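K.L.:
Below is a structure I'd like to ask you about.
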Amino acid sequence: MPKEKIIGKLLFTEEQIQARAKEIAEQIDRDFSGEDVILLCTLKGSVLWFSDILRYMKTDAKIDFLSASSYGASTVSSGVVKISFDPQVNMYNHNVIVVEDIVDTGRTLSYMLPKLEERGPKSVKLCTMLNKQARRTDDVTPDYIGFEVDDLFVIGYGLDFDQRFRGLPYISYLDEEDVESL
Ligand code: 5GP
C-alpha cells in the first residue's frame with residue numbers, strides 16, 4: 001500500500017494488480033505453449049500492465065506499440081477515436097495479443113482490431129487490465145481480463161486524467177468532488 005495520500009478512491013492495490021497480472025501471464029503461457037507470441041501495447045495507458053504481463057510470461061514474446069485515444073481532458077469519452085497505427089513487427093501468421101488498459105465502450109478496439117486482422121495474423125487475442133462492461137456499446141469481448149470495474153472514471157497504474165496520475169502505483173476512481181479538488 002502506498003504511504004502517501006491516495007488520490008481518489010482506491011480500487012486495486014499494486015499487490016492485487018501484480019498478482020492478477022501473474023495469473024494472466026501464466027494463463028497465456030498455457031494457452032500458447034510452444035507457440036510464438038507478439039504482445040502489442042496500446043499507448044499510453046497500458047504501459048505498466050503490459051510490462052507486468054511481459055515480465056511474468058515465460059513465453060518469449062516479441063513486442064510492439066500502437067497508439068489509440070478517445071479521451072481528451074475530460075472524464076467522458078469524446079467519441080472520436082484517433083489512431084496512429086504503425087507497429088513495425090511482422091504479424092503475418094503470428095499470434096498477436098493486444099494489451100489494453102481498459103475496455104470501456106469498445107469503440108477504440110472495434111476500430112483497431114479489424115485493422116490488425118488485415119495484417120493476416122494467425123490469431124488475435126485481447127488482454128485488458130480493466131473491463132467496464134456496463135458501458136459497452138460495441139461488440140468487443142476481451143479474452144483475458146484483469147478486473148471488472150463499474151461505470152467509474154479510473155486513474156492510476158498507467159491510466160490518466162488529462163495526462164496526470166499515470167505513475168500512481170494503484171488504481172482508484174475519481175468522483176466529481178475529487179475532480180473539483182485536483
Ligand atoms: P473505449 O473506446 O473502449 O470507449 O475507450 C477506450 C479508451 O478510453 C481506453 O483505452 C482508455 O484510454 C480510455 N478510458 C476509458 N475509460 C477510462 C477511465 O475510466 N479512465 C481513464 N483514465 N481512461 C479511460
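K.L.:
Determine the percent antiparallel among the DSSP beta bridges restricted to the chain, to the nearest 5.
P.N.:
Antiparallel: roughly 30 percent of the beta bridges in the chain.
K.L.:
Among VAL103, PHE12, ALA61, which residue has its Cα furthest toward the positive end of the charge dipole of the chain, with +1 on Lys/Arg Cβ and -1 on Asp/Glu Cβ?
P.N.:
Going by the charge dipole, the pick is ALA61.
K.L.:
Give me the count of lysine pairs in the chain whose alpha carbons sit under 14 angstrom apart, restricted to pairs 8 or more positions apart or on different chains.
P.N.:
4
K.L.:
What shape does the range 41-182 have by the C-alpha gyration tensor, where a ≥ b ≥ c are the square roots of the eigenvalues, rounded means a/c under 1.5, and otherwise prolate means a/b greater than b/c and oblate the rest?
P.N.:
Details: a/c = 1.91, a/b = 1.57, b/c = 1.22.
It comes out prolate by the Cα gyration axes.
K.L.:
Still on this model: Find how much the distance from ASP31 to SER67 grows on full extension, using 0.36 nm per residue of separation minus their present alpha carbon separation; answer in nm with one decimal.
P.N.:
Difference between extended and current length: 10.3 nm.
K.L.:
Suppose the chain between SER123 and TYR92 were pulled fully straight at 0.36 nm per residue; how much longer would it get relative to their current alpha carbon spacing? Intermediate values should be presented prior to the final figure.
P.N.:
Working: separation 31, 0.36 × 31 = 11.16 nm, distance 0.96 nm.
Full extension from SER123 to TYR92 adds 10.2 nm.
Throughout, read-outs are computed from the coordinates displayed, never taken from laboratory work. These figures come from a predicted structure and were not determined experimentally. Neighbour counts run over all protein chains shown; Cβ positions are idealised from the backbone, glycine included.
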